[in-house]
Amino acid sequence: MAITCSDQPRADELRQRLGARGQSHVLRFWDVLDDSARRGLAAQVAAIDLAAVERAASAARGHAQQASPRLAPVEVERLPARGGEAWTHARSAGEALLAAGRVGVLVVAGGQGSRLGFSGPKGALPIGPVSDRSLFALQAQKIRRLRTRYDARIPWYVMTSEATDAPTRALFAREASFGLPAGDVCFFRQRMMPAIDFEGRLILDRPDHIFESPDGHGGVIPALAASGALDDLEARGCTHVFYYQVDNPLVRIADPVYLGLHTDSGAEVSCKVVAKRDPMEKVGHVALVDGRVGIVEYTEIDPVQRDARDASGALVHRAGAISIYVWETTLLRRLSRDADRVLPFHASPKPIPTVDEAGRAVTPSAANGWKLERFVFDGLRCAKRVAVVETDREEYSPVKNACGGESPMTAKRDLSALYRAWLAEAGIALPPGAGLVEVDESSFGGADDFFARGITRVAQAGDAIRIASGANR
Ligand code: UTP
């Protein structure tokens with residue numbers, strides 16, 4: 001198609017818009033850009049909410065100067081012991097919700113996975129200890145089991161980012177939605193947010209491009225609303241949303257016990273925690289923040305409060321958030337209507353790729369600006385009531401790094417240890433020399449399922465129990 005004059009970005013208009021916000025430098029290479037590069041840059045500028053960038057910049061500056069909030073320990077309810085009265089009661093309440101089709105599952109699978117250095121989306125990472133199934137495949141197995149068990153549709157909402165969207169959709173298409181009906185898997189994309197330098201100015205990472213990164217897991221709330229996924233949840237009658245992060249293979253998706261505890265508590269949102277191992281563990285701190293239940297990210301907590309210990313030597317703020325929530329759909333709707341106020345952008349200093357005066361790429365070795373992200377847990381502070389539930393470590397082994405701690409290796413090991421524990425409890429002996437173990441969770445979700453199906457030997461489970469040989473377990 002021929003390009004007419006009206007397609008050409010109007011430089012004067014752009015200059016005026018950017019100039020009014022102190023961002024004229026964005027056009028500093030304009031005169032040497034060709035038409036297509038100019039059009040690209042103009043379209044990018046048009047899509048950026050400059051007022052929101054300004055608000056975020058001033059919030060970031062304000063935050064840096066603010067005194068840390070006053071934290072007090074929060075009341076935490078321990079997950080009841082399996083098989084006991086409280087556990088049975090909670091499980092029945094959660095099962096009723098699932099069977100009534102009132103639960104949707106939401107995974108945040110956007111972001112950049114920069115620490116991991118994996119070329120695909122994190123959800124495509126092979127984590128099955130024996131099968132090398134991807135994180136998405138393992139999670140789909142759990143959802144398939146719930147669907148069968150409760151004879152309910154249980155829709156799965158998958159939030160992607162600009163980087164993960166196309167490869168995630170392609171993976172699901174290739175794998176036939178991992179055995180789930182495609183109509184019950186809904187993808188939606190989070191927004192991007194430009195970074196700013198320490199003066200609040202946008203950063204060019206190419207002469208014709210402004211650096212942007214995903215708007216943080218808190219972007220899930222505006223994105224749910226903007227994409228229509230929230231309408232879809234409501235239309236299906238889902239009153240509860242089970243939320244988790246794609247990089248934790250141990251998550252008990254839509255665990256009925258947790259759902260039941262949530263409904264019994266009368267809370268609008270429930271938040272799972274583990275006891276922090278040490279003050280430096282990279283999890284958010286659940287606490288009373290200026291009197292309301294909230295979460296302070298590990299990057300933002302004041303070191304004195306982070307390291308504080310009580311008379312017994314235990315950490316005062318030991319409730320570590322593992323990003324597993326149950327949200328009432330009505331709360332998500334309320335938050336989405338007021339997202340700019342209730343989910344402010346947080347700024348973290350980072351080295352941000354940029355260009356020099358000649359337009360050549362520069363990769364800084366030190367922070368030259370702020371990345372801006374929303375945190376989903378800021379939504380807790382708007383809830384009428386928050387329940388905090390402590391679970392065990394068997395539910396948390398995130399994949400953050402390529403090697404060492406919190407890596408694919410530790411996730412596989414922890415997953416295998418969990419499956420070994422299920423088999424041991426069910427009295428199913430492993431062959432000598434067994435190494436890593438894997439259980440197909442579309443068939444078995446714990447020892448009870450082996451009992452219920454009368455499985456007493458590995459061979460009876462067919463392909464659902466896989467065992468690798470070797471010392472690695
Ligand atoms: P992380 O905070 O670990 O970020 O995300 P990340 O992008 O995966 O990895 P790094 O920090 O760049 O190394 C925790 C979870 O939140 C999701 C991620 O997919 C992961 O499941 N997330 C994070 C988003 O969906 N969007 C974001 O903008 C950030």
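The values are calculated or read from the model by the stated rules, or taken from the named source; none is laboratory data. In this text the structure is predicted, and so the values were computed from the model without any measurement. Glycine also receives a Cβ, built like all others from the backbone with ideal geometry; neighbour counts cover every protein chain displayed. Calculation scope for accessible area: heavy atoms of the full protein, side chains included, ligands and nucleic acids excluded. Shrake-Rupley method; radii C 1.70, N 1.55, O 1.52, S 1.80 Å.
Here Ala90, Ala72, Ala86 are screened, and the one residue that is surrounded by fewer than 20 Cβ atoms within 10 Å (Cβ to Cβ), touching a Pro at 6+ places or on another chain (Cβ under 9 Å) and under 19 Å from Cys271 (Cα atoms) is Ala86. In region 96-117, the residues that are modelled with pLDDT under 95 reach residues that are loosely packed, with under 15 Cβ neighbours inside 10 Å with C-beta atoms within less than 8 angstrom, at least six apart or across chains, in these pairs: Arg115/Ala402; Leu116/Ala402; Gly117/Ala402. Can you tell me which residue is farthest from the ligand (Cβ to nearest atom) among those in region 349-398 that are in contact with a helix residue (DSSP H, G or I) (Cβ under 9 Å, 6 or more places away or on another chain) and polar (S, T, N, Q)? The selected residue is Thr391. Candidates in region 223-245 are the residues that are in a loop (DSSP other than H, G, I, E, B) and open to solvent by 10 Å² or more (accessible area, probe 1.4 Å); of these, the one that is nearest to the ligand (Cβ to nearest atom) is Gly228. Per this entry, Ala195 is not counted among residues that are more than 17 Å from Thr354 (Cα to Cα) and not hydroxyl-bearing (Ser, Thr, Tyr).
Quick grid of which residues meet (1) under 15 Å from the mean Cα position of the chain (by Cα); (2) closer than 20 Å to Asp255 by Cα; (3) more than 10 Å from the ligand (Cβ to nearest atom); (4) hydrophobic (A, V, I, L, M, F, W, C):
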| position | (1), (2), (3), (4) |
| --- | --- |
| Gly94 | no, yes, yes, no |
| Val103 | no, yes, yes, yes |
| Val108 | yes, yes, no, yes |
| Gly123 | yes, no, no, no |
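Only one entry of Gln141, Gln112 meets the criterion of being within 12 Å of the ligand (Cβ to nearest atom) and among the polar types (S, T, N, Q), and that entry is Gln112. Give the number of residues within region 332-348 that are surrounded by fewer than 21 Cβ atoms within 10 Å (Cβ to Cβ), of a type outside the set (Ser, Thr, Tyr) and more than 16 Å from the ligand (Cβ to nearest atom). Total satisfying the criteria: 7. Restricting the first member to region 205-217 and to residues that are within 30 Å of Ile295 (Cα to Cα) and outside any strand (DSSP E or B), and the second to residues that are within 16 Å of the ligand (Cβ to nearest atom) and open to solvent by 40 Å² or more (accessible area, probe 1.4 Å), the beta-carbon pairs closer than 9 Å and six or more apart or on different chains are Phe211/Pro353; Asp215/Arg191; Asp215/Met192; Asp215/Glu373; Gly216/Glu373; His217/Glu373.
Is at least one residue of region 268-276 within 16 Å of the ligand (Cβ to nearest atom), under 19 Å from the mean Cα position of the chain (by Cα) and part of a loop (DSSP other than H, G, I, E, B)? Among the residues of region 268-276, not one is within 16 Å of the ligand (Cβ to nearest atom), under 19 Å from the mean Cα position of the chain (by Cα) and part of a loop (DSSP other than H, G, I, E, B), which makes the answer no. Take Ser134 and decide whether it is within 16 Å of the ligand (Cβ to nearest atom), closer than 30 Å to Gly22 by Cβ and without any contact (Cβ under 8 Å) to a residue 60 or more places away in the chain. No; evaluated as a whole, the condition is false for this residue. Here is the figure for region 277-299: residues that are in contact (Cβ under 8 Å) with a residue 40 or more places away in the chain, in a loop (DSSP other than H, G, I, E, B) and either touching a Pro at 6+ places or on another chain (Cβ under 8 Å) or open to solvent by less than 20 Å² (accessible area, probe 1.4 Å) (or both) total 1.
Consider Glu328 carefully, then state whether it is closer than 30 Å to Ala235 by Cβ and touching a residue at least 60 places away in the same chain (Cβ under 8 Å).
Judged against the criteria, Glu328 is a match.
Can you work out which of the residues in region 360-378 that are open to solvent by 50 Å² or more (accessible area, probe 1.4 Å) and not aliphatic (A, V, I, L, M) is farthest from Val220 (Cα to Cα)? That would be Arg360. If the condition is being within 16 Å of the ligand (Cβ to nearest atom), open to solvent by 10 Å² or more (accessible area, probe 1.4 Å) and of a type in the set (A, V, I, L, M), then region 154-184 contributes Ala163, Ala166, Leu171. Being small (Gly, Ala, Ser), part of a loop (DSSP other than H, G, I, E, B) and open to solvent by less than 60 Å² (accessible area, probe 1.4 Å) is a condition met by at least one residue of region 465-472.
When Ser134 is tested against (1) surrounded by 18 or more Cβ atoms within 10 Å (Cβ to Cβ); (2) over 21 Å from the mean Cα position of the chain (by Cα), only condition (2) is not met.
With respect to Thr354, determine if the residue is of a type in the set (Val, Ile, Thr) and more than 24 Å from Tyr157 (Cβ to Cβ).
It is true that Thr354 is of a type in the set (Val, Ile, Thr) and more than 24 Å from Tyr157 (Cβ to Cβ).
Checked against (1) touching a Leu at 6+ places or on another chain (Cβ under 9 Å); (2) surrounded by fewer than 21 Cβ atoms within 10 Å (Cβ to Cβ), Arg381 meets all criteria but (1).
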